[in-house]
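Student: Quick one: structure below, then a few questions.
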Amino acid sequence: MISFLTFNSRHRRGALACFGLGAALIAAIMLANAFAQEALAPPQVTASSVYVLNADTGQPLYRKNEDKRYWILSITKLITAYVLVQRMGGQLSDTVTITQSDLASGSTAGLRKGDVWTLQDLLYGMLLVSGNDAAIAIADHVGRAMLSQEKKKESPIKRFVQEMRTTAAALDAKHAQFADPYGLSPSNVSTARDVALIGSTVFRDPQLLPFWQCAKRTLNIGGPNARTIQLVSTIEMIGKNDIIGAKTGSHVGKNIYHLVVGWRAPNGQTIVAVVLGSASHPARYDDMRAILAALPRDFSELAGQAPGTAQAGPTRTCQ
């Protein structure tokens, strides 16, 4: 009798455990399905591809052609920044002497041969004014450091780009491909979904968030051309309206205009919104503002203000 009761007790516990696992699995599937079902078409925008993601919950909010590949141009620099802080985040005060090979065309931070910049200031130069030169200098310095640790000899830039690809894959950005650290190569491609996945990590990284807090930054540059310069963000939304981070990708000659934004919703959650292929430079900002304005209406849980949070203040200037 005791054996029978013991068997029954064990059998019941096993059945309950199985039931619990089954219930948990069903709940997870239902939650995943709910997320998929709740993703809506975005409001009317000019962008040909849109993806909006709640970075804190993983819930997709808006989607439109989210898996179409685009040349993402300077949005590439989000991965460049992330690799830097992952590899050398504790060494941002290290100095870099600028060489001729660091100089670049297109958008620049004004680097000159012989300049002495800190990694921190190069990061400002890359994120605030989208300096291609700053991105190259960062990639070369970090690439050399990695090769030194690995006791290998090859191109530092090539090694850094390899790390960019590995990092993107680790963030589940399955369609992201990189050929350079700044985005000029047409081989730098990704999708709105993958850009959002990258942004959901980058825009919550405590090492990177300070670099988007202010629209201006004054830098003291060393070397034979020692000088003080002021960087003014080329991204209109930086420092305003609860924007915690942003990056554009542009090619005026080919009429390509992209924008990715990290937005602090009224309830305190981080939302990442991506528009690729907007009709023009002003249109990408209009697209983004339309999306951010619609989110609390379509997803009421975002509308409630989180305890202890304050409304966004005016644009700030960093000294």
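Derivation of every value follows stated rules applied to the coordinates shown; laboratory data play no part. Just so you know, these numbers come straight off a predicted model, no measurement behind them. Methodologically, a virtual Cβ is constructed for each residue, glycine included, from the backbone with ideal geometry; neighbour enumeration extends over all protein chains shown.
Student: From the backbone phi of segment 121-130, what are the Karplus-calculated ³J(HN,Hα) couplings (6.51 cos²θ - 1.76 cosθ + 1.60, θ = phi - 60°) in whole Hz, Gly and Pro given as x?
Tutor: 5, 5, 5, 4, x, 7, 8, 7, 10, 6
Student: Using the Kirkwood formula on the Cα atoms of segment 150-246, what hydrodynamic radius do you get, in angstrom to one decimal?
Tutor: 16.0
Student: Right, here's the next one. Please report, in Å, the Rg and the Dmax of segment 171-312, where both are computed over Cα atoms only.
Tutor: Considering segment 171-312 through its Cα atoms, Rg and Dmax are 16.8, 57 Å.
Student: Quick one: give the max-minus-min coordinate of the C-alpha atoms of segment 64-134 along each principal axis, largest first, in Å.
Tutor: In descending order, the Cα extents are 45, 29, 19 Å.
Student: Then there is this: Arrange 252, 129, 195 by Cβ neighbour counts within 10 Å, fewest through most, would you?
Tutor: Numbers: 252 9, 129 18, 195 33.
Exposure proxy ranking, most exposed first: 252, 129, 195.
Student: Near the amide H of residue 245, under 5 Å away, which other amide H atoms are found, from residues 5 or more places off or on another chain, if H is placed in the peptide plane?
Tutor: So residue 245 has HN proximity to 262.
Student: Now for a separate question. Bin by bin, in steps of 10 Å, what percent of the Cα pairs in segment 117-199 do you find, going until the bin that has the longest distance?
Tutor: Each 10 Å bin holds this share of Cα pairs: 18, 44, 35, 3.
Student: Mind checking which lysines have their Cα closer than 24 Å to the Cα of residue 158? Skip sequence neighbours fewer than 8 apart in that chain.
Tutor: Partners found: 77, 113, 174, 247.
Student: Where nothing but the Cβ of Lys and Arg (+1) and of Asp and Glu (-1) is charged, how large is the charge dipole of segment 153-247 around its Cα centre, in debye to the nearest 20?
Tutor: That gives segment 153-247 a dipole magnitude of about 200 debye.
Student: When the Cα centres of segment 69-138 and segment 172-241 are compared, how far apart do they sit, in Å?
Tutor: 9
Student: Something else about it: Bin width 10 Å, alpha-carbon pairs only: give the P(r) of segment 198-262 as whole percents, running from 0 to the bin holding the largest distance.
Tutor: 18, 40, 30, 13, 0
Student: I've got another one for you. Mind ordering 61-72, 224-235 by average Cβ neighbours within 10 Å, highest first?
Tutor: 61-72, 224-235
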